[in-house]
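Here the structure is laid out as structure tokens; the discussion comes afterwards.
None of the figures in this text is laboratory data; all of them are computed from the coordinates on show. In this text the structure is predicted, and so the values were computed from the model without any measurement. Neighbour counts are summed over all protein chains in view; Cβ atoms, including those assigned to glycine, are modelled from backbone coordinates with ideal geometry.
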Amino acid sequence: MRNYVNSLIDGLFPLFATLAALAVGAVMLLLLGANPLVGFGALLQGAFGSPNAWADTAVKATPLLLVGLGICIAFRSGVINIGGEGQMIMGALASISLGLSFPSAPGIIIVPLALILGFVAGAIWGGIPGFLKARFNVNEILSTIMMNVIAVQFMNMLLRGVLIDQNQLGAAKIPQTARLSTAFDLPRLVPTRLHLGILLAVLLAFLVYYFLWRTTVGYKIRAVGLNRFASRYAGIKVEQYMVLSLLLSGAFSGLAGAVQVYGVTHFMITDGTAAGFTGSAGFNGIVAALFGQLHPLGTIPASFLFGALLVGANQMQRATQVPAALITALNGLVVVFVVSSEIYRQQRVRRRAIAEMKKQEALASQTKG
Amino acid sequence: MLQEFFSTTVLIGILASGIRLATPYLYAAIGETIGQRSGVLNLGVDGIMLMGAFSAFYVVFRTENLFLGLIVAMIVGGLMGLAMAFISVTMHAEQGISGIGVYLFGLGMSDLLFQKLVNNVETVQGFPEIHIRYLSDIPYIGEIFFQHNILVYLAYLLVPIVGFILNKTTFGLKIRAVGENPQAADTLGVNVALVRYITVTVGGVFSGIAGASLSIALLNVFQQNLTTGLGFIAIALVYFGGWRPLYVMAGSLIFSFVNALQVWVQVLGIPIPSDIAVMMPYLLTIIVLVLSAQRARQPSALSKPYMRSG
């Protein structure tokens, strides 16, 4: 019971951090001449005010959750994957290529294959920095960032080149693909924009939880993250597991990209930037995962929260004339506050551990006596 | 076509614009070098640059006072650096992740302020080119080296200064000691936290200037995400340069020359897809990281928060 309460309080830390960030947001709204209550009210209204709003929130949460699951795996093994944006793009490109190549094939075959292809493409794009880290000791933070830029240029090249919509060739040459066959649309769940992807993502969250906490490989990944040196001493091939976790991390981002294409956009267009396709989900997924305490199941509600913030931001912009970019800034603050409050959580854990040890010692001396 | 490419005009153009384009990388990377030598990895450089770029742009847009714009950018950058120092030194937060938070904050905040306060494509009159007397008249050399704006000259001046401070002064020794072995430095009476606060704040000031060099000297505009990840490249250049200012400068120059080359390749219509050309500097950076990771040794305490064990 006591443990339960303790872990509940631990879980509440990110919530406090978010409240702090929202408080800063309220001050910023005031400074910008808007009423914070109106602003946040509009935000809530926009995110949850109608069935459509709920659906949009869930749709926005889906890529955050998928990317976040990958982040859980990577960060748990002690490697930092900042390449979610590029991995999403590569997953999207691989999956859309398949759908565009076989427009008359049955959806039941193409859609699963396309999602798998996205998963694999993301895995490759995440695996390369993993390999470079294991083999050449290249800092993965930097290499994943570089891989993002390369992926964007690759996308621009393909959308201007082989993947361009044939109708665009004679006309304005807007770098966009044709629409995928409607037979490939991920099934809608209710008559909203909500698609099957969210169910898939939630299901995968449970799978990743099982993987990390109930399998040997998952255990080793976490062990490497907790103490690289002890793990090596215990005979775990540390480098191998760091590559694996970056690879899996990339795979989930790649899947996020594929789901985004088959569930939401059904075609790809580029404005030359990564965010033009991803909506910065590759970064916001990190925020969601951190908020969920790097726990796959915790990442589910966290993704919904940030999905809601992103959807509600537009409504807030309409109601208060404060640009939706405020939410990006607040997301940054949430990250900062969450990682900063980590020290207090660790102190609590340490204090509990010491208390526990003393109790054991007391017990031991009693039985001796 | 290739002959045209190797004409002197083009070569001079590439060299001159390479030297000019290296400016923001230099400020950001040199600032980051100082912080990293003291053991703090600040991944928020790009966000700080964006805030610096916007504030400089806005001040110049309103007042047309370039130096006031520069100073405001330095202050804004310094404050964000101070915040990063507080997060990483006092709060002992994981630096790789909190830097992303600082980045997102700067990205969103600069966009927010821009939309709220300007919300138009506006240009400003940036720092003018200064032709250094006599030197700028030397054929070729003058055009390449001595016809730039003041921020370009200052950036290159900064390199030996920072190198000197790091390697030849007591304070530099303290910075390096804190970055290599904070426990030992602490025992000898060096205030680890203070040193790190100073280096990260100074790094923030430099990032602010880096942003300003874009918005009021090189491009003279501001738009959402003006830097497009330039700050992250600057961090990579620190690794490339093995944490030594002179080598960091060499890296910035190589990167910028390749970038300038890439622009000229497109201008001249040489049949390489432009997207591949844009990719080149980044591919090169990865390759260089692979090569340099073998030999360079990073500060031992890099990205490790220091806690007195009690």
**Asked** How far is helix A:216-226 tilted off the main Cα axis of chain A, in degrees rounded to 10, range 0 to 90?
**Response** 70
**Message:** Strictly greater than 18 Å: what percent of every Cα pair in segment B:1-82 meets that?
**Reply:** 57
**Request:** On a 0 to 90° scale, report how tilted helix B:245-267 is relative to the longest principal axis of chain B, with both axes built from alpha carbons and the result rounded to the nearest 10.
**Result:** 30
**Fill in**
The longest stretch of chain B containing none of the chymotrypsin sites (Phe, Trp or Tyr not before Pro) that sit in a DSSP loop with at most 14 other Cβ atoms within 10 Å is B:141-310
**Fill in**
Expressed in Å to one decimal, the Kirkwood Rh of segment A:42-92 from all distinct alpha-carbon pairs is 12.6
**Prompt:** Arranged by the count of other C-beta atoms within 10 angstrom, fewest first, what order do B:280, B:74, A:268 take?
**Reply:** B:280, B:74, A:268
**Message:** Using Cβ contacts closer than 10 Å as the measure, can you line up A:146, B:109 from fewest to most?
**Reply:** B:109, A:146
**Asked** Can you give the helix-only mean residue ellipticity at 222 nm for the protein assembly as shown, where every DSSP H stretch with n ≥ 4 adds -39500 (n - 2.57) and the sum goes over all residues, rounded to the nearest 500 deg cm²/dmol?
**Response** -25000 deg cm²/dmol
**Asked** Mind listing the Cα extents of chain A along all three principal axes, in Å, largest one first?
**Response** 92, 55, 36
**Complete:** Taking Cα atoms, the helix A:51-76 axis meets the longest principal axis of chain A at an angle in degrees (rounded to 10) of 60
**Asked** Going by how many other Cβ atoms sit within 10 Å of their own, how do A:104, A:280, B:38, B:292 line up, fewest first?
**Response** A:104, B:292, A:280, B:38
**Message:** Can I get the semi-axes of the protein assembly as shown's equivalent ellipsoid? Compute them from the C-alpha gyration tensor as square roots of 5 times the eigenvalues, in angstrom, largest first.
**Reply:** 38, 34, 26
**Prompt:** How large is the Kirkwood hydrodynamic radius of chain B, in angstrom, based on all distinct alpha carbon pairs?
**Reply:** 20.0
